[in-house]
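Q: Have a look at the structure that comes next, please.
The values are calculated or read from the model by the stated rules, or taken from the named source; none is laboratory data. What you are looking at is a predicted structure, and each value in this text was computed from that prediction instead of being measured. Backbone-built Cβ (ideal geometry, glycine too); neighbour counts: all protein chains shown. Keep in mind that these areas ignore ligands, DNA and RNA; they rest on the heavy atoms of the full protein, side chains included. Shrake-Rupley method; radii C 1.70, N 1.55, O 1.52, S 1.80 Å.
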Amino acid sequence: MPSVSSLEEASAYLASAAAEGRRVRIGEDLETGGLDAVLEHEAGDLTCTVEAGVRLSALQAALAAHGQRLSLDPPGDPTVGALLARNASGPLRHRFGAPRDLVLGVTLVLGDGTVASAGGKVVKNVAGYDLARLVCGSQGRLALIARASFRLHPLPRARRTLVVETPQAADAVRALRRSQLEPSALDVLHPGRVAVLFEGAERAVEAQLVHARMLVGGEEADDGVWEESRSRQGEARSRRRFDPGRLGDALAGLSEAVVRPAAGIAYTTAAREPGDAASSEALDRLLARIKAELDPHGVLA
């Protein structure tokens, strides 16, 4: 499989594919393993710019040396490009959002070899077409992601987890979400458990943990519960969306799942059902128009 190590190589490869009428699957026919540099880290601004082939673990290690992190924790150890292409997230999505919420700008290589940049590396930048968010979740069908800039967060000084064993998970989640607590993660490990993560200064974390136990009970646990949550998410065969206000109904329809109540997403090993990924005809038409604009020759599969 060809691996590019520069924007010029990626541009030349896709331009050649367009000229020859070849289809290219990003990550299968072409990958970005050679684009693996952390280009900039502005610690004072809490931003960084990296190439798409950087593994998330390598990026986190580089940022940790400065007391910072990219607040994304998906299953596995994806590259930054794959992270964006899948819009992949983990338990921290509860507080910090998905990649599309943290990406500030991107440099892309389009299907005809054109290099395009959008967004920036400052948090308040709003200029230009929002290609950065557009490619999140695009599965490599719109462009090759070559570089990305992200908003960062300080590493928390303390981190503690509460696990509540209960047959009434929806009630526990409702009580927690209606409180003044600010957890970094809140997952339902269905059936029977609710896991809550508190991060921050030691005294603040201790106070939140005590308050949470007063509300819903539970016992303190180690980070193994979050490893389990990511592992089960990674093994899921389908992803189902639901109205966050109807968590109880969603749980009643599942035999097992890792559920992110705030996001309205359940990851389950059950086979995908016909309605799981249903999309409207209007949405399909819009996606086709976007595809035609960014990849008019249909190079990217």
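Q: From Ala82, Ala88, Ala37, Ala12, which residue is of a type in the set (A, V, I, L, M, F, W, C) and either modelled with pLDDT under 95 or under 29 Å from Gly200 (Cβ atoms) (or both)?
A: Ala88
Q: Follow-up. Which of the residues that make up segment 50-80 are more than 17 Å from the chain's Cα centre (by Cα) and polar (S, T, N, Q)?
A: Of everything in segment 50-80, just one residue is more than 17 Å from the chain's Cα centre (by Cα) and polar (S, T, N, Q), namely Gln68.
Q: Which one of Ala278, Ala301, Ala288, Ala292 is open to solvent by 40 Å² or more (accessible area, probe 1.4 Å), at pLDDT below 95, in contact with a strand residue (DSSP E or B) (Cβ under 7 Å, 6 or more places away or on another chain) and closer than 30 Å to Asp29 by Cα?
A: Ala301
Q: While we're here: Are any of the residues in segment 130-137 in a strand (DSSP E or B), buried (at least 19 other Cβ atoms within 10 Å of the Cβ) and in contact (Cβ under 8 Å) with a residue 24 or more places away in the chain?
A: No.
Q: Then there is this: Those residues that are open to solvent by 20 Å² or more (accessible area, probe 1.4 Å) and assigned to a helix (DSSP H, G or I), I need them from segment 85-97; list them, please.
A: Arg86, Arg93, His94, Arg95, Phe96
Quick grid of which residues meet (1) farther than 22 Å from Ser71 by Cα; (2) in a helix (DSSP H, G or I); (3) in contact (Cβ under 8 Å) with a residue 12 or more places away in the chain; (4) open to solvent by 20 Å² or more (accessible area, probe 1.4 Å):
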position	(1), (2), (3), (4)
Ala195	no, no, yes, no
Phe198	no, no, yes, no
Arg203	no, yes, no, yes
Ala207	yes, yes, no, yes
Arg213	yes, yes, yes, yes
Val225	no, yes, yes, no
Arg240	yes, no, yes, yes
Leu247	yes, yes, yes, no
Leu254	yes, no, yes, yes
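Q: Scan (1) open to solvent by 60 Å² or more (accessible area, probe 1.4 Å); (2) touching a Ser or Thr at 6+ places or on another chain (Cβ under 7 Å); (3) over 29 Å from Gly200 (Cα atoms) for the single condition Ala52 breaks and write down its number.
A: The one condition Ala52 does not meet is (1).
Q: Of the residues Ala61, Ala19, Ala82, which is under 23 Å from Gln233 (Cβ atoms), part of a helix (DSSP H, G or I), open to solvent by 10 Å² or more (accessible area, probe 1.4 Å) and without any contact (Cβ under 8 Å) to a residue 12 or more places away in the chain?
A: Exactly one of Ala61, Ala19, Ala82 is under 23 Å from Gln233 (Cβ atoms), part of a helix (DSSP H, G or I), open to solvent by 10 Å² or more (accessible area, probe 1.4 Å) and without any contact (Cβ under 8 Å) to a residue 12 or more places away in the chain, namely Ala61.
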